[in-house]
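Heads up: the structure comes next, in structure tokens.
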Amino acid sequence: MTSESSAPHILSRRIADAVCALPAASDRRLVAIAGPPGAGKSTVTALAQQEIQARGTPTGIISMDGFHYDNAVLSARDLLHRKGAPETFDVAGFCALLGRLFTEDEIAIPEFDRTLDKAIAARSVLSRDQRVILVEGNYLLLNEPGWSDLQDLWALRVFLEVPLETLEARLTARWVEHGFGPEEARARALTNDIKNARLVLERSAPSDIALK
């Protein structure tokens, strides 16, 4: 049985194996690492980046979370309570930035700061030598308007499969870490996060690799 602590390392090596097996290309190769909230995408993606770079391929990371609408925008649209749902992201801006990866050498990208609860513009820069870009996010394979426009961009589609009961426990723990009591944390997880998780599990397009 794979332990919880070792699983991300095993998954990251499997992703690195698949990326390194891709045919050579003159353009950047974009790898989607998708899955529901709480699936461990950020951890696995960071480890995969380290593994791929250790094999000699400079690799960058883009997180879909950098394209969250600001809380002021969400409040004006009465969507703050649904933050993290597909409609709370600037999917058009996200798609446009990914398209630039095929035509520009250096690109500044936004990143989401969980402590500040906001996206920070131009928080990091992808360099010319980074020819593999790992893109992580909940809705990268979602079969919904706007999101489905991303599908032609991926050289490889990876999906992290995690049971709902495991996601509930992880997401509740995440809210506890943010200072909420156990009951309120569980309520927050169930009223928004788990709704989003079900959508990802039920409405995502098939992946090239499904990892558990």
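The values are calculated or read from the model by the stated rules, or taken from the named source; none is laboratory data. These figures come from a predicted structure and were not determined experimentally. So basically every Cβ, Gly included, is an ideal-geometry build from the backbone, and we count neighbours across all protein chains shown. Note: accessible area is taken over every heavy atom of the protein model, side chains too, but ligands, DNA and RNA are not part of it. Shrake-Rupley method; radii C 1.70, N 1.55, O 1.52, S 1.80 Å.
Quick notes
- The portion of the accessible surface of the chain made up by carbon and sulfur, rounded to a whole percent, is 50 (1.4 Å probe; DNA, RNA and ligands excluded).
- Highest-MSF residue in the chain out of Leu160, Leu201, Leu22 [GNM, Cα springs under 10 Å]: Leu22
- ³J(HN,Hα) computed for each position of region 118-125 - Karplus, 6.51 cos²θ - 1.76 cosθ + 1.60, integer Hz, glycine/proline x: 7, 7, 10, 5, 6, 6, 8, 10
- Among beta bridges that DSSP assigns inside the chain, antiparallel share in %, nearest 5: 30 percent
- Put simply, the amide H of Phe112, placed in the peptide plane, has neighbours under 5 Å in Gly66, Ile120, leaving out anything fewer than 5 places away on its chain.
- Approximating the spin labels as points 7 Å out from Cα along Cα→Cβ, the Ser26-to-Ala92 distance works out to 3.2 nm.
- For region 96-199, projected area of the alpha-carbon convex hull averaged over all directions, nm²: 8.0 nm²
- With at most 16 other Cβ atoms within 10 Å, longest stretch of the chain clear of loop GluC sites (Glu not before Pro) (DSSP): 5-103
- Solvent-accessible surface of the chain, averaged per residue with a 1.4 angstrom probe and all protein chains in place: 50 square angstrom.
- 3J(HN,Hα) couplings calculated from phi for region 185-193 with the Karplus curve 6.51 cos²θ - 1.76 cosθ + 1.60 (θ = phi - 60°) are, in sequence order, 4, 5, 4, 5, 5, 6, 7, 9, 4 Hz; Gly and Pro show x.
- The angle between the Cα long axis of helix 164-177 and the main principal axis of the chain comes to about 80°, on a 0 to 90 degree scale.
- Less than 5 angstrom separates the built amide H of Ile62 from those of Leu134, Val135, Glu136, all sequence-distant by 5 or more or on a different chain.
- Taking the three principal axes of the alpha carbon atoms in the chain, the coordinate ranges are 50, 45, 29 Å, sorted in descending order.
- Gain in span if fully extended, Val125 to Glu104, counting 0.36 nm per residue against the direct Cα distance: 6.4 nm
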